[in-house]
Every structure is written in structure tokens, then in C-alpha cells.
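This report concerns only the one structure given below.
The values are calculated or read from the model by the stated rules, or taken from the named source; none is laboratory data. Keep in mind the model is a prediction, meaning the values are calculated, not measured. No Cβ is skipped: glycine too gets one built from the backbone with ideal geometry, and neighbour counts run over all protein chains shown.
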Amino acid sequence: MKISSPLVVLLAGIALGIFFQRSFPLPSARSSGSGPTSVVGSGTSVATGEEVKETPTAFVGSVDDLLAKVRRFPNEDDAKLFLQTTLEAARPQQLATWAAGLAALPDSRLRVQMTLTAVARRWARVDASAALAWAQSLAPRKAGETCGTILASLAEKDSAQALSLLGSLTDQRQRRLARIQIATTIADLDPAKAFAILGADKSPEMTEAVDSLFTKWGERDPQAAMQAANTLPKGAARDNALTSIYNAWSKEDPMAALASAKAITNPSRRNTVLSQVISTWSQTTPDKAWDYCLKLPPNDPGRWNLNGIINEVGKDDPTRAISLMDQLPTKERSNALNSLIQTLAGNDPEAAVAYVTSLTKPDERRMALSCLGQSMDLTDPAAVNQVFAKFPAPAERKNLVTGYLNNHGYSDPESCLALLDHLSKSDRQKIMNQSNLIYNLARQDQELAVRTIQSSGDGGHESQWTAVFNGVMETSIEKAHALIGQLPAECQRDAWPRYLGALANENIEEAMQQLQEAPPGKIRENSKSYILNAWASADPEAALVWARSASPNDRRDVMQTVIYGKVQADPEAAISVLNELVKGGGEEALASARSVVTTVGQALYSVSNETAIQWAGQLSDETMKTTAFAFIANQWCNEDVVGASAWIRELPQGAAKDAATQSLVSSIKESDPESACIWAATIGEKVKQGEMLYAIFQSWLANDPVAGQQALLQSSLGEEDRANLLEQSLKK
């Protein structure tokens, strides 16, 4: 069959057209990448992965055009990849135009913030100075975030330039946020440099960033992270950093973390860190942590974590948790029993009840019942009847109810009242006297609390009326004032001072006027002390002026309160008031001064131990000096026994040195009893020397009976003391 010539030409033309269209896309398609593929039946166009992966070309559309393309990606990761490839070819002027347009749009518009971040990051790499200048012109909140984004992006390419530009930021908050983002960017590659960038800023944002840095650093190089953390000043910042390191280290290599923790010289800190390491370990591999803790000596603080491990295991495998607890000695079962019952009651109440009913030892069963009551939900009457049917004995029901009241008395006092119906009248009365039920009732419904007391038939116990007053005081000082006259006389002894002290916090003059309503004598005197304490706290300068011409008792009360109030913010002012109090003369003034010595010493020691020592050495009262030296030694021994020992060794003989030595002996008697004996022998006062030696051997015999007995027989203790200690040791 012949085909006509025109038809051949037409077919050839169509074929060539298809060929050229596939080979050379239309200009519009080239300018924006491949067109979207339509999803049949959806009515929407969805970009394909091919569009994202194309070689970037210069996109020159408006902000709306750019956003329109970004929004076509249902997957946010694909949208980010599209932005990354598209913006690579964008010129600085185009980036500036887009950034300005995006910043003017509300953040709530779909993917505006994501697109703005991508534009700012790309602009930072081609013209960081211009990008940063633009970011600083934004509204304060957005400026801080955007400056940080720009400098962090630059830091990936050139951290030195990023840090140089950081110094150009004049706004403190912008600079802080940017510094954090720069440090976060380079933390994975160079944590030491990131730490140096963060600096010593104590703001909440910076503290959080430092903690996050040390968590990452602890996973990567815990030893280097430790060295850096120890350069921080002592206090919360250093403790938090070390906590972050040990948490990360414990997950990666718990045995290495334990070895490091054991090398800490501060006993208190060492025990805290060891507990932390084991706790973290128990969350990842509880069986291995259990085997380790179970092999520790009986008095090792690490054994405290056995309870936590039982609790962790009990969440998923109660039977296994019970078998673990059965491996513990009797002395350690009580706390573990509480942990287990709390876990069971939260996950499987019926299993918790069944387990408690299976306990046969009276002490364990009694304690378990109280814990069960604390942990269970007993608001459903039907469930309550089922539980109480398992425990018909009155004493056991009382333990259950008491436990519930202790944990739910405030959140649901009416359900607590309903539970009392399951008890005898005498048991109800005992619980109302001993628990916080009446107090919690009064905080929510004073009349209900009073009716509950009156329904007992005996007019209410003194403690119950006091509980009503205390609960009402929490909610309304006016109602408390009206209630005082209804209280029994013995309750007013504490009610008046409490009420007038609270009133003085709001209005000193009114409190002094109402003071005349209080019964004369001791009640009025105590009430006045409460008022003066409130005044001295609220307006110390005015209170001091008044106190200098007041009676000795009033003067003493005011000055003592002022010292407590000033000592943290202004230790020198507190010391000045303390000296003034001492000069007031009289044994009562000295007694008041002695009572605040430790408080002043604590504030000065937080500055430095040298500051505290210098102040303590200048105290004229020997009792105050002795108290101060004992406190300083105790604090120092907890941080650095070697340094504290060197200081104590150089002190002149006397009561102050003896007091400091006693603190040292108390600190090392368990870890190093031999050295403790040597130090105890240097105490000048023989009675104190004997008391300290006796205390050393008590703990030594408990921890290592053989070595302790050998040392005891060679000690300078008298025959009677040695015989008593040996007898105690044999009984154990």
C-alpha cells in the first residue's frame, strides 16, 4: 500500500518535534527546574525527587514565587533540600531581597520561617557582613535568632570570621544567642573551642548550652571534658557540667565512669557521682548494674542504688523485681520494698495488693500497707471495698488509710474522709490527730474541717484545732484573725505569733496595733518578736535605726534577722551588724551572735576559704571563733581533705584547732580510720580526744572488724571503753 507524500512529511515533522522538545526544554522549564508531576485524582501537584536533585540554576522569582515552590513539597526534608540547591546559585542582591520580603511576612504562614532561615544561612556564606547588618535591623526577638543563624552558618565555613563579627553585635541578648549558636555549630568538631566561646556567662540560656556541650563532649572524650569542667569556678555551674559528663559517660562506658568517680577526693561529691553513674547504668543494663551493686560492701553508698534498679525492673517485669529483692539482706529490704510496691501499684494495682497479702513478716507487711495506701487510687468506692476485703484486720486498714491520707490529703480530702468510714471510731480519731487531713480540709473548706472535728464528740484535740488554723492561714489572713478567738486557749499560744508575723509582712503598723489584742505575757512577747522579724526582713535599715534605742530583747531580735537577711548579698554589712550585736554586751547578746556565726561563715566560705578563715581569726569571742573554725574545717574537708589537713596542722594549739581537728576526724574516720586515730590523738582536750577515738573505733569495727579489733587493742582508750566497743562489735 502506498503512503502519500504529505502524510510522510507530517509524521516526520511530529517525530522531529518530540525529539527537539525532549532535548531542549522550554525556557520557563529551564528557569525553574522540572515541572511538577500531577497526582491523578488529587487535584494537586507534588514535586518529585528528581526536581530536588537537579543541577541548580539561578531562580529569580519573587518571595511569593519562592514560597510557592517550597510549599509544593509535602515532605519538609525535600523542601529544605530544594532550598539548599536552589539558593546555591542565588546572587547576594537576590538573597537580600528575599530576606527582606520573608521577614515582613508573619511567621505563622506555612514554611516562612524555614525559608527565611535557609536564605539567611546562604547569605551568610556569600556576604556575612551585609547579612548581619540586615538582621540587626529586625524586631528584637527575630533579630537575636537571625543573627545567631547567620553567624552559625558562617562558623561552618570560617569560625574566626564568625567570632570577629560576633564582637560587632552591640545588643547583649543578640550577642549571647549568637555565641551559643556558633558554639553549638562547632561543638562536634572542636568542643574545647566551643567551651571557650561560651565563656562564663551565667544566664539561663548559656547554662543550658554549657550543659548540652558537656553532654556531647562527655560522649566523645570524657577525660578532656572533665579537665575543662574543673576549670569552672566551684558551684552549680561546675556541678551541672560534671553531672552532664558522667551521665553521658555512664551510658558509653560505665566501668570507666565508675573508676573516675572513685578517684574524686571529696567524699560527699564522690558518693553523689557514684550514685549518679550507677543510676544511669541501671537504666541501660540493669542486670549488670545489679550484679555490681550487690557485690559492694554492706555500708557502701553504692548499694543505695539497688532500690532504684528494682524499681526500673519492676516497671516491665514485676516477677523479676520480686526475685531481685529477695536477694537483699533484711536491713536493705525495707526501702526496696517501698520502691517495688510503688511501681506495682502504678502499673498493676491488683498485683500490688496480691503481693502485699503474700508478705508474712509483720514489720514488712505494716510498712507495705502504708506504701500501698500512698500509691493506690482509692477514690472509687467499689475498688475500695475490694481492697479492704483483702485486709479485714482493723490495724491493717488503718495503715492503708494513713498511707493514702499522707499522699492525697490535699488533692482529694473528701475521698480521704470517706475512707475513714472503714475504721473504728478510735482509729479515726488517731488518724485525724496524726495526719494532715484536717489541715488540708481547712485549706479548702474551713467549715467542713470544723464540722469534722466537732463530729468526733470530744470537742476536738488541740492538734486538730491548730491544724485548722494553719490551713486557714494558708488561704486567708482575715479569716485566720476571726478564727483565733474560737481556738482553745492552748492553741492561741502559737496562733497569735504566727498570725501577727504574717500580718507584719503586709502592714507593720497594723500588726503593732493588733498586738494589743493578743493575751498579755509570753504570747504577746513572742508575737512581738515575729513582728520585728518581719520588719527587719522587709526594711532592715529602718528596723535597725529603731532597734538601737529599743529594749535589749527587741534589739537582739532585729539584729539577728538583719544578719540573716544581709549575709548573702552583702556579707560585710552583715559582719558589721554582727559586731554591733556583740558590743551590745550581755550573755544573751552573745548567744544571739553565736547562733548566726555559721550563717556568716557559710556566706564568706562561698567566696573563698581564705576569706572565711581571715574573718574567723579576727573574732574576739572564743566560742564564736571555735564554732567558725569547726564549720570552715568541715566544709573544706568535704572538698579537699589534703588542703584542709595542711591548714589545720599549722593552726596554733587551742580550742579553735581542736574544733577544726574534730571536723577533720569526723570526715575521714570511715575512709581512713588509721589517719583519723593519729589526728584524734592531737586534740588537746582529753575528754574530746577520747570521744573522737571512741567514734572512730565504732565505725572501724562495723566496717572492718578484724583490723578494727587489732587497732583497738593497741589504742590509748581505757579498758571500759575498749570492752564496750568489743561487746558491741560481737553483737553485730
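Loosely packed, with under 13 Cβ neighbours inside 10 Å, free of Cβ contacts under 8 Å to residues at least 60 places away in the same chain, under 26 Å from residue 348 (Cβ atoms) and more than 27 Å from the chain's Cα centre (by Cα) - does that describe any residue in segment 292-304? No, segment 292-304 has no match at all. Selection of segment 154-175 for residues being among the basic types (Lys, Arg) and surrounded by 15 or more Cβ atoms within 10 Å (Cβ to Cβ) yields 173, 175. Being within 24 Å of residue 497 (Cβ to Cβ), modelled with pLDDT of 90 or more and not aliphatic (A, V, I, L, M) holds for only one residue in 533, 526, and it is 526.
Quick check on segment 289-299. Is at least one of its residues outside any helix (DSSP H, G or I) and modelled with pLDDT of 85 or more? Yes, segment 289-299 contains at least one residue that is outside any helix (DSSP H, G or I) and modelled with pLDDT of 85 or more. If I filter segment 163-174 down to residues being part of a helix (DSSP H, G or I) and touching a residue at least 24 places away in the same chain (Cβ under 8 Å), which single residue comes out as farthest from residue 103 (Cα to Cα)? Checking each candidate, the answer is 163. Out of curiosity, is residue 490 surrounded by fewer than 14 Cβ atoms within 10 Å (Cβ to Cβ), out of contact with any Ser or Thr (no Cβ under 8 Å at 6 or more places or on another chain) and modelled with pLDDT under 90? Considered against the rule, which asks whether it is surrounded by fewer than 14 Cβ atoms within 10 Å (Cβ to Cβ), out of contact with any Ser or Thr (no Cβ under 8 Å at 6 or more places or on another chain) and modelled with pLDDT under 90, residue 490 comes out as yes.
The one condition from (1) assigned to a helix (DSSP H, G or I); (2) of a type in the set (Gly, Ala, Ser); (3) in contact (Cβ under 8 Å) with a residue 12 or more places away in the chain that residue 160 does not meet is (3). Within segment 357-378, residues that are over 12 Å from residue 343 (Cα atoms) have Cβ atoms under 8 Å from residues that are part of a loop (DSSP other than H, G, I, E, B) in these pairs: 357/391; 365/359; 368/359; 369/391, counting only partners at least 6 apart in sequence or on another chain. Within segment 437-458, one or more residues are among the acidic types (Asp, Glu) and within 35 Å of the chain's Cα centre (by Cα).
Could you grab me the full set of residues in segment 688-732 that are closer than 21 Å to residue 296 by Cα and either buried (at least 18 other Cβ atoms within 10 Å of the Cβ) or in contact with a Phe, Trp or Tyr (Cβ under 6 Å, 6 or more places away or on another chain) (or both)? Even if it seems obvious, please write down each step before you answer.
Let us first name the residues in segment 688-732 that are closer than 21 Å to residue 296 by Cα, namely 698-708, 729, 732.
Result: 700, 701, 708.
Of the residues 482, 418, which is under 30 Å from residue 539 (Cβ atoms), loosely packed, with under 15 Cβ neighbours inside 10 Å, more than 36 Å from the chain's Cα centre (by Cα) and at pLDDT 85 or above? Steps first, please.
Details: 418 fails: under 30 Å from residue 539 (Cβ atoms).
Among 482, 418, only 482 is under 30 Å from residue 539 (Cβ atoms), loosely packed, with under 15 Cβ neighbours inside 10 Å, more than 36 Å from the chain's Cα centre (by Cα) and at pLDDT 85 or above.
Just one residue in the set 257, 229, 225 is more than 30 Å from residue 147 (Cα to Cα) and either surrounded by 17 or more Cβ atoms within 10 Å (Cβ to Cβ) or over 18 Å from the mean Cα position of the chain (by Cα) (or both); that residue is 257. Residues that are of a type in the set (A, V, I, L, M) and within 44 Å of the chain's Cα centre (by Cα) were ranked within segment 90-113; the one that is farthest from residue 62 (Cα to Cα) is 110.
Here's the yes/no breakdown for (1) farther than 18 Å from residue 313 by Cβ; (2) surrounded by 21 or more Cβ atoms within 10 Å (Cβ to Cβ); (3) of a type in the set (Phe, Trp, Tyr):
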| residue | (1), (2), (3) |
| --- | --- |
| 246 | yes, yes, yes |
| 265 | yes, no, no |
| 279 | no, no, no |
| 283 | no, no, no |
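Test residue 225 against the stated conditions and say whether it is in a helix (DSSP H, G or I), among the aliphatic types (A, V, I, L, M) and in contact with a Gly (Cβ under 8 Å, 6 or more places away or on another chain). Reasoning before the result, please.
On the way: in a helix (DSSP H, G or I): yes; among the aliphatic types (A, V, I, L, M): yes; in contact with a Gly (Cβ under 8 Å, 6 or more places away or on another chain): yes.
In short, yes.
If the condition is being in a loop (DSSP other than H, G, I, E, B) and either hydrophobic (A, V, I, L, M, F, W, C) or closer than 24 Å to residue 433 by Cβ (or both), then segment 357-378 contributes 359, 376, 378.
Please give the number of the condition residue 477 fails out of (1) in contact with a Phe, Trp or Tyr (Cβ under 9 Å, 6 or more places away or on another chain); (2) without any contact (Cβ under 8 Å) to a residue 24 or more places away in the chain; (3) surrounded by fewer than 17 Cβ atoms within 10 Å (Cβ to Cβ). Going through (1) in contact with a Phe, Trp or Tyr (Cβ under 9 Å, 6 or more places away or on another chain); (2) without any contact (Cβ under 8 Å) to a residue 24 or more places away in the chain; (3) surrounded by fewer than 17 Cβ atoms within 10 Å (Cβ to Cβ) one by one, residue 477 breaks only (2).
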